[in-house]
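Visitor: Here it is: the structure, laid out below.
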Amino acid sequence: MEKTCTLLVHFDKGTPALANEIREALEGSDVPAKIDAMKKAVMILLNGETIPQLFITIVRYVLPSEDHTIQKLLLLYLEHIDKTDSKGKVLPEMILICQNLRNNLQHSNEYLRGVTLRFLCRLNESEIIEPLIPSVLQNLEHRHPYVRRNAILAVMAIYKLPQGEQLLGDAPETIEKVLSTEQDPSAKRNAFLMLFTCAQERAINYLFTHIDRILDWGEQLQMVVLELIKKVCRTNKHEKGKYITIIISLLTAPSTAVVYECAGTLVSLSSAPTAIRAAADTYCKLLQSQSDNNVKLIVLDRLNELKTSHKEIMVEMIMDILRALSSPNLDIRRKTLDIALELITPRNVDEVVLLLKKEVVKTQNADLEKNGEYRQMLVQAIHTCAMKFPEVASTVVHVLMDFLGDSNVASAIDVVVFVREIIETNPKLRVSIITRLLDTFYQIRAARVCSCALWIIGEYCLSLSEIESGIATIKQCLGELPFYTATEEGEGQEAPKRDQLASSITVSSRRPVVLADGTYATQSAALETAISPPTLVQGSLATQGNLRSLLLSGDFFLGAVVACTLTKLVLRLEEVQPSKVEVNKATSEALLYMVSMIQLGQSPVLPHPIDNDAYDRIVLCIRLLCNTGDATRKIWLHSCKESFVNMLADKQFRETEERKAKAQVSHSQPDDLIDFYHLKSRKGMSQLELEDEVQDDLKRATGEFTKDNDDANKLNRILQLTGFSDPVYAEAYVTVHHYDIVLDVTVINRTKETLQNLCLELATMGDLKLVERPQNYTLAPESSKQIRANIKVSSTETGVIFGNIVYETSNVLERNVVVLNDIHIDIMDYISPATCADVAFRSMWAEFEWENKVAVNTVIQDEKEFLDHIIKSTNMKCLTAPSALEGECGFLAANLYAKSVFGEDALVNVSVEKQSDGKLSGYIRIRSKTQGIALSLGDKITLKQKGAA
């Protein structure tokens, strides 16, 4: 049988010491050698060996030693040896120890007294303790506080033994007297803890007798007082008003640990606005005063919990919470912004946005690490504010547009996406945004930001001046044509090597030119044909535009976007420009740029030629400018914007639905009891107590106290472990709570005999670990027993629990074994749906190295139905907008996302296509940072995807 262990020592794996070597060292007179030998003996005991042959040697040679280290090691040795025989009786040789312990308790050295008293706290044998009690009680009055505080703990441990009341019947009275005279903070704390544990009424009486001096008590004692208050208020809710007053007075204590505990206790006991406000205020002060980042993160977690249940009070604290942005730590800043964004109301949005705007400006000036990431978070926060309250957009949009050329590409993308939404939702700002965008366009260096900005220019430049400015800006950023120098061959020559490259270089001389075949040629123009690789015309550093440099680097997707934008601008110009000459001039210039881009893409000067998509798009733009029809014009000038408006409306609708779903609260039954506030007796109640009563009634009325669990769901979690014909029937109710799995196993004796030493033996496979072995039981005929087993989980993997029930009967000597069915712990218990931005999803998809590819194999024939089935089976959230999944096109692609309780991300991409025979084919790809979640999710999808069940 496994034993409890009260000592943990680091042990180097190696050759264990031999008992004979230890005995020789103990019998010698060398003190360091004795200390080393005692350490080895304790190590051997901790490894499960008994070494009984050493006991007499230790009694003879170690007990008389005066060395304090040896005496301390002796107590550790005595703590771990077996003091009783197989029947539970104390071994006779233990009498030899008692005298030594008594001598130590009366020793002149305080240290020896103290460590011996601590040793007594771990002794369970009343026969050994009984003769030592008078010496223990004498130490309660010792002059040294170290001895007194350990003597109090020893008295508490003795009193808590099964025979404790017979051994020390008047212990609570004795300790109460000690508490009234004690001055040492630690001893005082131990005395109050003893009363709190063993005589709660005495502790409460002492607390209320000295309630005026509670702020003068030490930190340790104040913490125990808070524990007492929590315990009392759980059992007796009607009296919590007077205790809440004590907690609020302790909020002014000098110790931050006490203040933090007070705030937590206050929230757990009361829902009164005054109490919640006091707790929130305390957390905000701790957030400012503490320099440790871990403390700040913990406090922010507490504020986040308060925000969930008491949002209306937390709204008042938003500016205090936002002060945490002064911390340079990104995790703290991110968590602070997440909390603040959910507390924004029309009353405080202006103040919040002003603060965020100042923070954005600070990131530009200060030369700090990770400024780009912080700026990105701020931009996203301002974006959220502006979407919820469009009226604040005008105050921030122009400041943010300064960061379109940000070196942090992610931050610049967030800015341009924000600008794109604002220009659509705030028509009044359109002119000023377009003007500012055209002025700052040349600063943009990222291709994706350029693409989005060009789309804005193409869609929202409406007046003649804006269109002309837009075309001029794009031409300026593209630079002068050509993009590279064209190849020119000499007239009348036959070049034997057709694949040799030639380029045109401007010269001022008219000298003869030696051609490739060795003949001479003369030129009347100032052009000289030379054999050299084609060269790109980069332009001077001052004039080279951002679009030109990106094009010359081979980004032809951007080239296609430029062509589309020029096409839209020219089409709009036709509608607003009365002069046909100007329109034709703009059209011809646009066509020239498009043709030049195609030539650049097909030339050998770039390492990679233009891709087919970009080529087709540019050619489409050329054809459109050469021959425009009304239907095509409508598509280009109106349909794009309409699609964008629909996308925004769909996004807003989804966010509104999510907010509504979060806001739903459970309601109680119509016939539940409600107390009426105005009919309550207010006699002797403070304002705080009255508020607390009202909040309790409100909670009771809205069903927060009695949330009934789904009984059907409970039944689904009951697993049958044995058959009905087995002599022992067992079933388990499995509860999964984050890192813990609790098995409540019901065992029923179905025989007419008494089952002895019945034991539930469990083992695990995977990242599961059994915390403690369930003990043995005796089961009467046809009786039942509830056995609880705790299992720790360390990762998101599918685990298996298996085991046996072992028992003995009176008739048969051998043990009987009933094998249990395996319990499979489902990965679905660990993962929950979550959301993330498309950019974050893509970056994680590129970063994660574990991929599990599952081929689609299902009887479902509808793509959307199959996707819904996978979402339901995997407990994930679909990130692809519903509008993108509409329609019948024969194929479907969607991204799913979930997060585990261990903080792991699970990414899934579903790509399916309907075959000609009506069946679905394709792949489901799962990516994660760890192998376990990818494999487990893949197994789950393989099992569930057929959809027959």
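Visitor: When the dipole is taken about the Cα centre of the range 8-128, and only Lys, Arg (+1) and Asp, Glu (-1) are charged at their Cβ, what size is it in debye, to the nearest 20?
Guide: 300
Visitor: Okay, next question. Which whole-number value in Å² is the accessible area per residue of the range 1-148, probe 1.4 Å?
Guide: Per residue, the range 1-148 has 57 Å² of solvent-accessible surface.
Visitor: Place the peptides 847-856, 546-555, 82-91 in order of packing, highest mean first, counting for every residue the other Cβ atoms within 10 Å and averaging per peptide.
Guide: Final packing ranking: 546-555, 847-856, 82-91.
Visitor: Normalised by the number of residues in the range 722-831, what is the relative contact order in percent for Cα pairs under 8 Å and 6+ residues apart?
Guide: Reported relative contact order: 27 percent.
Visitor: With every protein chain kept in the model, how would you rank T6, T363, T174 by accessible area, 1.4 Å probe, largest at the top?
Guide: The residues order as T6, T174, T363, largest area first.
Visitor: If I model a spin label at I748 and C626 as a point 7 Å from the Cα along the Cα→Cβ vector, what separation in nanometres do I get?
Guide: So the label points at I748 and C626 sit 8.6 nm apart.
Visitor: Among A257, S291, Y374, which residue has its Cα positioned farthest towards the positive end of the charge dipole of the range 250-392, with +1 placed on the Cβ of Lys and Arg, -1 on the Cβ of Asp and Glu, and the dipole taken about the Cα centre?
Guide: Toward the positive end, the furthest listed residue is Y374.
Visitor: Also, I was wondering about something else. With label points built 7 Å along Cα→Cβ from the Cα atoms of S289 and T435, find their separation and express it in nm.
Guide: 5.2
Visitor: May I pose another question? With θ set to phi - 60°, apply the Karplus curve 6.51 cos²θ - 1.76 cosθ + 1.60 along the range 607-615 and write out the HN-Hα couplings as whole Hz, x wherever there is a Gly or Pro.
Guide: Using θ = phi - 60°, the values come out as x, 10, x, 5, 7, 4, 4, 5, 4 Hz.
Visitor: Let me ask something else about it. Which FRET efficiency value, to the nearest 0.05, is calculated for R717 and R773 with the Förster distance at 25 angstrom and r the Cβ-Cβ distance?
Guide: The computed FRET efficiency comes out at 0.60.
Visitor: Going by average Cβ density within 10 Å per residue, which order do the peptides 778-788, 55-65, 271-281 take, highest to lowest?
Guide: Going from most to least packed, we get 271-281, 55-65, 778-788.
Visitor: Right, here's the next one. Mind pulling the angle between the C-alpha long axis of helix 447-460 and the longest principal axis of the chain? Nearest 10 degrees, somewhere in 0 to 90.
Guide: The angle comes out near 60 degrees.
Visitor: Now a separate question. Using all C-alpha to C-alpha distances in the range 4-144, build P(r) with 10 Å bins and read off the rounded percent in each one.
Guide: 10, 41, 36, 12, 1
Visitor: State, as an integer percentage, the relative contact order of the chain based on alpha-carbon contacts under 8 Å between residues 6 or more apart.
Guide: 4
Visitor: Which FRET efficiency, nearest 0.05, do D184 and T809 yield, Cβ-Cβ r, R0 56 Å?
Guide: Taking R0 as 56 Å, the efficiency between D184 and T809 is 0.45.
Visitor: Oh, and also: Nearest 20 debye, what's the magnitude of the dipole of the chain about its Cα centre given +1 on Lys and Arg Cβ and -1 on Asp and Glu Cβ?
Guide: Dipole about the Cα centre, nearest 20: 1000 debye.
Visitor: What does the C-alpha gyration tensor say about the overall shape of the range 340-459? Classify as rounded when a/c is under 1.5, otherwise prolate if a/b is larger than b/c, or oblate.
Guide: Because a/c hits 1.5 or more and a/b fails to exceed b/c, the range 340-459 counts as oblate.
Visitor: Taking every pair of alpha-carbon atoms in the range 349-419, give the share separated by more than 18 Å as a whole percent.
Guide: Tail of the P(r) past 18 Å holds 27 percent of the pairs.
Visitor: Can you give the convex hull volume of the alpha carbon atoms of the chain per residue, in Å³?
Guide: Taking only Cα atoms, the chain has a hull volume of 315 Å³ per residue.
Visitor: By how many degrees, 0 to 90 and rounded to 10, does the Cα axis of helix 687-701 deviate from the longest principal axis of the chain?
Guide: Long axis of 687-701 versus the principal axis of the chain: about 70 degrees.
Visitor: Mean residue ellipticity at 222 nm from the helices of the chain, using -39,500 (n - 2.57) per DSSP H segment of n ≥ 4 over the full residue count, to the nearest 500 deg cm²/dmol?
Guide: Value at 222 nm, helices only, nearest 500: -16000 deg cm²/dmol.
Visitor: Sequence gap at least 6, Cα distance under 8 Å: using those rules, report the relative contact order of the range 135-177 to the nearest whole percent.
Guide: Relative contact order here is 27 percent.
Visitor: Moving on to the next point. Charges on Cβ only, +1 for Lys and Arg, -1 for Asp and Glu, centred on the Cα centroid of the chain; of A199, I158, L920, which one is farthest towards the dipole's positive end?
Guide: Checking the options against the dipole of the chain, the answer is A199.
Visitor: On to the next question. Write down the accessible area per residue of the range 373-489 in Å², having rolled a 1.4 Å probe over the full set of protein chains.
Guide: 37
Visitor: Quick one: helix 219-235 against the long Cα principal axis of the chain, what's the angle to the nearest 10°, folded into 0 to 90?
Guide: Around 90 degrees separate the two axes.
Visitor: Students often check this: by mean Cβ neighbours within 10 Å, which of 391-400, 563-572, 94-103 ranks highest, and how do the rest follow?
Guide: So the peptides 391-400, 563-572, 94-103, ranked by packing, come out 563-572, 391-400, 94-103.
Visitor: I've got another one for you. At a Förster distance of 45 Å, what's the computed FRET efficiency of A763 paired with R842, Cβ-Cβ distance as r, to 0.05?
Guide: Plugging the Cβ-Cβ distance into 1/(1 + (r/R0)^6) gives 0.60.
Visitor: Where the only charges are on Cβ atoms (+1 Lys, Arg; -1 Asp, Glu), what is the dipole of the range 714-846 about its Cα centre, to the nearest 20 debye?
Guide: So the magnitude is around 180 debye.
Visitor: Could I ask something else about it? Could you report the range 198-315's accessible area per residue, 1.4 Å probe, as an integer in Å²?
Guide: 45
Visitor: Please name which of C452, I622, L26 has its Cα lying farthest along the dipole of the chain towards the positive end, using unit charges on Cβ (Lys, Arg +1; Asp, Glu -1) and the Cα centre as origin.
Guide: Positive-end residue among those listed: C452.
The values are calculated or read from the model by the stated rules, or taken from the named source; none is laboratory data. Values in this document were obtained by computation on a predicted structure and should not be read as measured data. All Cβ positions, even for glycine, are placed from backbone atoms using ideal geometry, and neighbour counts span all protein chains on display. In case anyone asks, the SASA skips ligands and DNA or RNA and just uses the protein heavy atoms, side chains included. Shrake-Rupley method; radii C 1.70, N 1.55, O 1.52, S 1.80 Å.
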